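Quick notes on the structure that follows.
The values are calculated or read from the model by the stated rules, or taken from the named source; none is laboratory data. Everything numeric here is computed off the predicted structure, so don't read it as measured data. In this analysis, Cβ positions are derived from the backbone assuming ideal geometry, glycine residues included, and neighbour counts consider all displayed protein chains.
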Amino acid sequence: MVREGTPDVRPHGELLIAKRHFVIFNPASGRGRGAARVPAYRALLSESLDDVTFAETSRPGEERELAEHALEGGFDVVIAVGGDGTWSNVADRLLASGRDDVVLGILPSGTGNDFGRNFGYDPRNPAEAVRVIAEGHTRLIDVGRVVTDSASEHDPERWESRHFLNLIGFGFDIAVIDAAAGARFLRGELLYKLTALQQLFRFPGISAAVAAGSGQKRELHQLMLTVSNGRYFGGGFPIAPDATVDDGRLHACMIGDAPPLTRLKLFNLAERGRHVTSDRVEILNDASFRLTFAEPVRFEMDGDVRRSAGTEIEVRCMPGALRVTAPLV
């Protein structure tokens, strides 16, 4: 049951007194593992919440439409069960609505679940994640926004600006996603690590110019460029080790190109967040960035592959824009 009583007044937590929950399942998340977790999550949520409605996606991106349905129905909490892409799609619709009275709940059931790592969620412990939602504590977080238009490869005719929760990535990140899409037998962190090792010896690099809102500029040939709101990507790599989801900043990690063996060393360092010790790596922290490429570029947004409409991409931080259910810290 939802616990009601005196609101928690600790600085990073607020008790949500809400009765109506709308749950969106993505059975395709986690390369199909999400379907196997639906019964367990349904049982836990039905037992823990007073008023809960369930819905499932049947095609990529449908969670956006289901989130709109939840908004129209006046639900207090919209819970997304999946991974980074599922959470991001639902969050984008909540943010686009302009309403600040609806809370996003996240339950991990995806491949990377990197955004959830910022709050300590463990995909192997669904009961604990549901308990956090049932207790109703929330946290106000930043989100990122790609201001310039882009389109998802799932919906190539829909050009739009988009919010993101965790990260956008260019270069090596996209090469790994493309390689992983063809893998049949591997999943999760192992899938990412093995396909990443493969691409360390194949990917040619990418050229980009990065201009921070404060005026700092960098232009170089890079192995990878990421702009992060959260700390993790790729199934647990702390790509932006100092980032938090409520620091009011975005974190642009630029990893300069290198020979294959140096790339391998950087990859091993990145597993522990120690890539920042290399002179080939620089992180700029700012409220906004303008990224320039030689031609329209494919990039990752919270696991979803998109294409930019033009050669420039403008990214901004939106401080304290979204309230999510989260453990107290």
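Below are the figures for this structure:
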{"item": "Residue within the range 87-107 that is under 30 Å from E271 (Cα atoms) and surrounded by fewer than 20 Cβ atoms within 10 Å (Cβ to Cβ) present", "result": "no"}
{"item": "Any chance F75 is touching a residue at least 12 places away in the same chain (Cβ under 8 Å), out of contact with any His (no Cβ under 7 Å at 6 or more places or on another chain) and not assigned by TED's automatic domain parsing to the domain that holds L191", "result": "no"}
{"item": "Total residues in the range 285-329, condition of a type in the set (D, E, K, R) and part of a loop (DSSP other than H, G, I, E, B)", "result": "2"}
{"item": "Where A326 falls short, out of the listed (1) crowded, with 23+ Cβ neighbours inside 10 Å; (2) of a type outside the set (V, I, T); (3) out of contact with any strand residue (DSSP E or B) (no Cβ under 8 Å at 6 or more places or on another chain)", "result": "(3)"}
{"item": "Residue within the range 279-292 that is free of Cβ contacts under 8 Å to residues at least 12 places away in the same chain and not hydroxyl-bearing (S, T, Y) present", "result": "yes"}
{"item": "A70 being in contact with a Phe, Trp or Tyr (Cβ under 6 Å, 6 or more places away or on another chain) and either modelled with pLDDT of 95 or more or not assigned by TED's automatic domain parsing to the domain that holds R20 (or both)", "result": "yes"}
{"item": "Residue in the range 33-51 that is in contact with a Leu (Cβ under 8 Å, 6 or more places away or on another chain), hydrophobic (A, V, I, L, M, F, W, C) and at pLDDT 95 or above present", "result": "no"}
{"item": "Matching option when the condition is assigned to a loop (DSSP other than H, G, I, E, B), touching a residue at least 12 places away in the same chain (Cβ under 8 Å) and in contact with a strand residue (DSSP E or B) (Cβ under 8 Å, 6 or more places away or on another chain), among V227, V276, V245", "result": "V245"}
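Rundown of residues vs (1) closer than 17 Å to L264 by Cα; (2) modelled with pLDDT of 95 or more; (3) in the same structural domain as G83 (by TED's automatic domain parsing); (4) not polar (S, T, N, Q), yes/no style:
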residue: R202; (1), (2), (3), (4): yes, no, no, yes
residue: V210; (1), (2), (3), (4): no, yes, no, yes
residue: L220; (1), (2), (3), (4): no, no, no, yes
residue: T226; (1), (2), (3), (4): no, yes, no, no
residue: R231; (1), (2), (3), (4): no, yes, no, yes
residue: G234; (1), (2), (3), (4): yes, no, no, yes
